[in-house]
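*Asks:* Here it is, the structure in full.
A short reminder: the numbers here are calculations on the coordinates, not readings from a lab. Computed from a predicted model, the values in this text were never measured in an experiment. Every residue, glycine as well, gets a Cβ built from its backbone with ideal geometry; the counts of neighbours run over all protein chains shown.
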């Protein structure tokens, strides 16, 4: 099969278009033909080594600084030692075309989404493994995954539209669940034009929250169109725009220099949740703001059990919609990642593998 194999840490030259064997599903696994695969920050970050404690810059800055080289050493993955060479690709819309021994033949032919955050020790443990980071992912014509991690979806969306969902919508839904965001609460969403941010806007509105979204000026009207009640230019002073202690929940995948202002907007007892740091992982925290206002800071990586099945139900009931910015052929992955890092788009990029013959 055709696959993009990431051969090590470094620049785009580490993304090699290769012919590799079709994976063979073991008992308890299924083989999927990949119909579409989303593009995410984490794939770029893993290739660069951005998750290393050595790195203090934002993702785009780190990518520019790397100039074709890795930026960190062995701790550059987000979970464990990255298993180079391997196939990345966290988001997968696929069709079941093969079964491991004893597999359920009723699955054959179904169009499915793959839950990328897998909890092999059960949901009582915080341990997780990720598709395309800890095991081979969707940047290929075929991928094998545990049968427990596939979710059939019955809807009229295209394959590419479905591929926008798994990582970013799952991350956003998990963040909102962790905060307990309730109807009528005011939520502030940073980086709202990105995949996770635009998903969070929709998912927060679905909960009946009041949404204020932060993004670059050219993208603000698009955020209104997907449900934001108020939009703020990312270059504005958000404390001046909103006022101190004006929001209940802050959802942030940006971090960097804006972090202190995000906390200042939170009311007493407010909740701040993060699952990313694209503007920079090192922030300034005034501990007095944290403890005098009884704030809660939440890191959210491991997904709770209902997250993915809930997302599928939202799709099937028409309660959310995809924001597909652009598609690329799989072999143009480097072009897709370059344009992705420019952050001129709203929503998600998706790669389309070439149509294969039978595995």
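*Asks:* Once you have the Cα-Cα distance between residue 316 and residue 154, take 0.36 nm times their residue separation minus that, and quote the gain in nm to one decimal.
*Replies:* On the way: separation 162, 0.36 × 162 = 58.32 nm, distance 0.62 nm.
Net length gain for the segment: 57.7 nm.
*Asks:* Out of all DSSP beta bridges with both ends in the chain, state the antiparallel percent to the nearest 5.
*Replies:* The antiparallel proportion sits near 55 percent.
*Asks:* Take 50, 157 and order them by how many other Cβ atoms sit within 10 Å, fewest up front.
*Replies:* Fewest-to-most Cβ neighbours within 10 Å comes out as 157, 50.
*Asks:* Still on this structure: Taking neighbour Cβ counts within 10 Å as the exposure measure, how do 51, 291 sort from fewest upward?
*Replies:* If I rank by nearby Cβ atoms, fewest first, I get 291, 51.
*Asks:* Taking region 148-241, how much of its Cα-Cα pair set, in percent, is spaced more than 24 angstrom apart? Mind showing how you got there, number by number?
*Replies:* Values: 1068 of 4371 pairs.
Tail fraction, whole percent: 24.
*Asks:* Give me 234, 317, 344 ranked fewest to most by other Cβ atoms within 10 Å of their Cβ, as a rough exposure proxy.
*Replies:* Fewest to most other Cβ atoms nearby, the residues stand as 317, 344, 234.
*Asks:* Still on this model: Most mobile of 167, 92, 18 per a Gaussian network model of the chain (Cα springs, under 10 Å)?
*Replies:* 18
*Asks:* If you don't mind, another one. Would you mind calculating the gained length between residue 221 and residue 343 on full extension (0.36 nm times residue separation, minus the Cα-Cα distance), in nm to one decimal?
*Replies:* So the chain would gain 42.3 nm between residue 221 and residue 343.
*Asks:* Which semi-axis lengths, in whole Å and largest first, follow from the square roots of five times the eigenvalues of the Cα gyration tensor of region 236-359? Present the calculation step by step, with values, prior to reporting the outcome.
*Replies:* On the way: eigenvalues 254, 76, 39 Å².
Three semi-axes, in Å: 36, 19, 14.
*Asks:* Over the chain, with a single point scatterer placed on each C-alpha, what log10 of the ratio I(q)/I(0) does the Debye formula yield at q = 0.10, 0.14 1/Å?
*Replies:* Calculated log10 I(q)/I(0) at the listed q: -0.59, -1.16.
*Asks:* Starting from the Cα gyration tensor of region 171-299, multiply each eigenvalue by 5, take the square root, and state the resulting semi-axes largest first in whole Å.
*Replies:* 20, 16, 14
*Asks:* Let me ask something else. Where the Cα atoms of region 290-359 are projected onto their three principal axes, how long is each span, largest first, in whole Å?
*Replies:* 59, 32, 25
*Asks:* Mind ranking 202-213, 123-134 by how tightly packed they are, going by the mean number of other C-beta atoms within 10 angstrom, highest first?
*Replies:* Going from most to least packed, we get 202-213, 123-134.
*Asks:* Using alpha-carbon pairs under 8 Å, 6+ residues apart, how would you state the relative contact order of region 171-299 in percent?
*Replies:* 22 percent
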